[in-house]
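Undergrad: First, the structure itself, so that you have it in front of you.
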Amino acid sequence: MQTGVSTACLYPMETERSLELLLRMGYRRFEVFFNCMEELGNPFLRELKRRADAYGASFVSVHPFSSAAESTLLFGDYPRRTQEAFDFYRRYMAAAAYLGGKYVVIHGQPQGHGKLSDEGYWERFGQLYRLGEEEGAYPAQENVRQHRAGTVDFVAGMARYLGDSCGFVLDVKQCRMAGASIQEMARAMGKRLVHVHLSDEDEGRPCLLPGAGRFDHQAFRQLLEGQGFTGTVVTEVYRTSFSQLKELENSLYFTKKAF
């Protein structure tokens, strides 16, 4: 099991500056949060890869800036727009593959939005996943609160329906904020759990840097190991979750020991 960090932790610092700062702190495994179209272009991707290569670092995943629009783009009811969105998301998957990563994090559709049945949503995701097979990087559904995939039942149904044609991102802070059991969500994802977003918690604070709260990281590691998870546990918190950059550096050493 490896540990890493998302460049989103330093948002709204520019993506390349975030990467460079995290590299200097000692992080060596990354999720890149793209923030605009320019960052999907070849010159920008080459620069990210150059910086990472200089430190012997690598990438595991990317996160689209268009997540908030996925309800309409990927899971809407207008076929021509859906096709355009699939072509667009190919760019994310191609970018991930170029960087050496495997996953594109998908938020999906908020609860109560759209006309798709659960099966229709799963079918649509399966289509996107097959495009990932062509590009060499795959969409991975995250359990985002107030979204369809924010419930254990939906995730369990999706895993059963799609089998090996899907992947999941377990985000522990999203479980906390949704009132969902982390253990039940992980088990619902089963063997298709491919990526983890890690954070800590304390009373009334569901998103802290790992090591800054009371979350039982040892028990969480045992849960992941029990499911055969061998991927990357990526620290992903909001910039408001810490005040000093030194805290982010300290958290790196904590996660290395914990996982």
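The values are calculated or read from the model by the stated rules, or taken from the named source; none is laboratory data. Values in this document were obtained by computation on a predicted structure and should not be read as measured data. FYI the Cβ positions are ideal-geometry reconstructions off the backbone, even for glycines, and counts take in every protein chain you see. When the accessible area is computed, the model is the full protein with side chains, heavy atoms only, and any ligands, DNA or RNA have been set aside. Shrake-Rupley method; radii C 1.70, N 1.55, O 1.52, S 1.80 Å.
Undergrad: Consider F65 carefully, then state whether it is surrounded by 22 or more Cβ atoms within 10 Å (Cβ to Cβ), at pLDDT 95 or above and within 15 Å of P139 (Cα to Cα).
TA: In short, no.
Undergrad: Which ones in segment 165-200 are open to solvent by 50 Å² or more (accessible area, probe 1.4 Å) and not hydrophobic (A, V, I, L, M, F, W, C)?
TA: Hits for segment 165-200 are G179, Q183, E184, R187, K191.
Undergrad: Same structure again: Please give the number of the condition R50 fails out of (1) part of a helix (DSSP H, G or I); (2) in contact with a Cys (Cβ under 8 Å, 6 or more places away or on another chain).
TA: (2)
Undergrad: Which of the residues belonging to segment 10-43 are of a type in the set (S, T, N, Q) and more than 19 Å from the chain's Cα centre (by Cα)?
TA: N42
Conditions tested, residue by residue: (1) of a type outside the set (G, A, S); (2) within 20 Å of H107 (Cβ to Cβ); (3) out of contact with any strand residue (DSSP E or B) (no Cβ under 6 Å at 6 or more places or on another chain); (4) modelled with pLDDT of 95 or more.
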residue: V5; (1), (2), (3), (4): yes, yes, no, yes
residue: Y11; (1), (2), (3), (4): yes, yes, yes, yes
residue: L22; (1), (2), (3), (4): yes, no, no, yes
residue: R28; (1), (2), (3), (4): yes, no, yes, yes
residue: N42; (1), (2), (3), (4): yes, no, yes, yes
residue: L48; (1), (2), (3), (4): yes, no, yes, yes
residue: R51; (1), (2), (3), (4): yes, no, yes, yes
residue: G56; (1), (2), (3), (4): no, no, yes, yes
residue: R80; (1), (2), (3), (4): yes, no, yes, yes
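Undergrad: (1) within 24 Å of G226 (Cα to Cα); (2) more than 16 Å from the chain's Cα centre (by Cα): which one isn't true of F75, the others all being true?
TA: Every condition holds for F75 apart from (1).
Undergrad: Considering only segment 120-133, I want to know if a residue exists there that is touching an Asp or Glu at 6+ places or on another chain (Cβ under 9 Å) and open to solvent by 40 Å² or more (accessible area, probe 1.4 Å).
TA: No, every residue in segment 120-133 fails to be touching an Asp or Glu at 6+ places or on another chain (Cβ under 9 Å) and open to solvent by 40 Å² or more (accessible area, probe 1.4 Å).
Undergrad: Right, next: What number of residues within segment 24-39 are touching a residue at least 24 places away in the same chain (Cβ under 8 Å), in a helix (DSSP H, G or I) and surrounded by fewer than 18 Cβ atoms within 10 Å (Cβ to Cβ)?
TA: Matching residues across segment 24-39 total 1.
Undergrad: Please state which one of G101, G108, G112 is in a loop (DSSP other than H, G, I, E, B) and in contact (Cβ under 8 Å) with a residue 60 or more places away in the chain.
TA: G101
Undergrad: Follow-up. List every residue pair whose Cβ atoms sit under 9 Å apart, with the two residues 6 or more apart in sequence or on different chains, where the first one lies in segment 235-247 and is without any contact (Cβ under 8 Å) to a residue 24 or more places away in the chain and the second, anywhere, is open to solvent by less than 70 Å² (accessible area, probe 1.4 Å) and in a strand (DSSP E or B).
TA: So the pair list comes out as T240/C207.
Undergrad: I would also like to ask the following. Hey, does segment 248-255 have a residue that's in contact with a Phe, Trp or Tyr (Cβ under 7 Å, 6 or more places away or on another chain), open to solvent by less than 50 Å² (accessible area, probe 1.4 Å), assigned to a helix (DSSP H, G or I) and more than 26 Å from S71 (Cβ to Cβ)?
TA: Yes, segment 248-255 has at least one match.
Undergrad: Can you name the number of the only condition in (1) among the polar types (S, T, N, Q); (2) in a helix (DSSP H, G or I); (3) touching a residue at least 12 places away in the same chain (Cβ under 8 Å) that Q83 fails?
TA: Just one mismatch for Q83, condition (3).
Undergrad: Restricting attention to segment 88-116, report how many residues are modelled with pLDDT of 95 or more, among the small types (G, A, S) and farther than 20 Å from R29 by Cβ.
TA: Matching residues across segment 88-116 total 2.
Undergrad: If you go through segment 49-71 one residue at a time, how many are under 24 Å from H147 (Cβ atoms) and either free of Cβ contacts under 8 Å to residues at least 40 places away in the same chain or of a type in the set (K, R) (or both)?
TA: Total satisfying the criteria: 5.
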